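To keep things clear, I will list the structure first and then write my remarks on it.
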Amino acid sequence: WQNESLLIYNVQPFVFSFVAGRQTYTCGVGGDFNITRPVRFDSVYARDTGGNDYPIQVVTAQEYASISAKYITTQIPQCMYDDGNVPLKNLSFWPKPSDSSWSVVLWVWGAIQNFTSVNDVISMPPGYQEMIEYNLSVYLAPKFGKEPTKAILSLAISSKASVKRINYSVNNLKMPSTLPGQRGNRYTLADFLSGR
């Protein structure tokens, strides 16, 4: 479930200092950025000494490979490439950070806690306990030579759907200023329907 965005109930910021002139950092337990290996970065920022954040674009392997002058330096990196390695990811910034007083802010999906024993006390939002119990029943049934009942299957599906519904958020639609019919920052339904 760590890979399902709609089951992730929080996004956490982690702040690490840049090392002047260093381009690549390991990320994961024991790495340069010593956190649980993130499944995904929701967003990444460069932070100055005043606490101001400047966005860093997370790019694909192809986009990073297409950068010809990889070793130039700057105060504010423009992009970051995550190679996805296991157990430590390699995060490469471009241009290379030139100022160690700046930091990188990694907003990562919060991990659903792992259980190490049946006596673990876990704190989760409403709905998660029911979702975990019913889906665990479905998962374990075949291991004991059983078929989950239709009622258990239905509860597993509906409890998971309920959690996903709560975690779903709709982003605001932004219209480009060059769009025909644009008046300042407003674009109305009438503009759309009239083709302006």
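The values are calculated or read from the model by the stated rules, or taken from the named source; none is laboratory data. Treat the numbers as computed from the prediction; the structure is a model and nothing was measured. Please note: Cβ atoms are built from the backbone with ideal geometry, for glycine as well, and neighbour counts cover all protein chains shown. With ligands, DNA and RNA removed, areas are computed over all heavy atoms of the protein, side chains included. Shrake-Rupley method; radii C 1.70, N 1.55, O 1.52, S 1.80 Å.
Semi-axes of the equivalent ellipsoid for region 115-168, computed as √(5λ) from the eigenvalues of its C-alpha gyration tensor and ordered from largest down, come to 20, 17, 7 Å.
Test of understanding: what is the full-extension gain from Asn10 to Glu63, defined as 0.36 nm times their sequence separation minus their Cα-Cα distance? All intermediate terms of the calculation are to be shown ahead of the outcome.
On the way: separation 53, 0.36 × 53 = 19.08 nm, distance 2.85 nm.
Taking 0.36 nm per residue and subtracting the Cα distance, the gain is 16.2 nm.
Per-residue SASA remark: Tyr54, around 80 Å² accessible (1.4 Å probe; ligands, DNA and RNA not included). Ser162 to Asn52: FRET efficiency via 1/(1 + (r/R0)^6), r the Cβ-Cβ distance, R0 35 Å, to the nearest 0.05? The calculated FRET efficiency here is 0.35.
Using heavy atoms of the protein chains and a probe of 1.4 Å, the accessible area assigned to Thr49 is about 120 Å². Note that region 56-132 carries a Kirkwood radius of 15.8 Å, evaluated over its alpha carbons pair by pair.
A 1.4 Å probe run over region 1-147, with the rest of the protein chains in place, finds 59 Å² accessible per residue.
First compute the accessible area of region 15-70 with a 1.4 Å probe, then give the percent of it belonging to carbon and sulfur atoms.
Numbers: 1460 of 3110 Å².
Carbon and sulfur atoms account for 47 percent of the accessible area of region 15-70.
The 1.4 Å probe gives accessible areas that order Glu147, Glu133, largest first, as Glu147, Glu133.
Under the rule a/c < 1.5 gives rounded, and otherwise a/b versus b/c splits prolate from oblate, where does region 69-109 land using the Cα gyration tensor? Don't skip to the end; give the middle numbers.
Working: a/c = 2.43, a/b = 1.48, b/c = 1.64.
Taking the square roots of the gyration eigenvalues as a ≥ b ≥ c, region 69-109 is oblate.
Remark: region 79-85, residue by residue, has Karplus-estimated 3J(HN,Hα) of 8, 9, 10, 9, 7, x, 4 Hz, where x stands for each Gly or Pro and the curve is 6.51 cos²θ - 1.76 cosθ + 1.60 at θ = phi - 60°.
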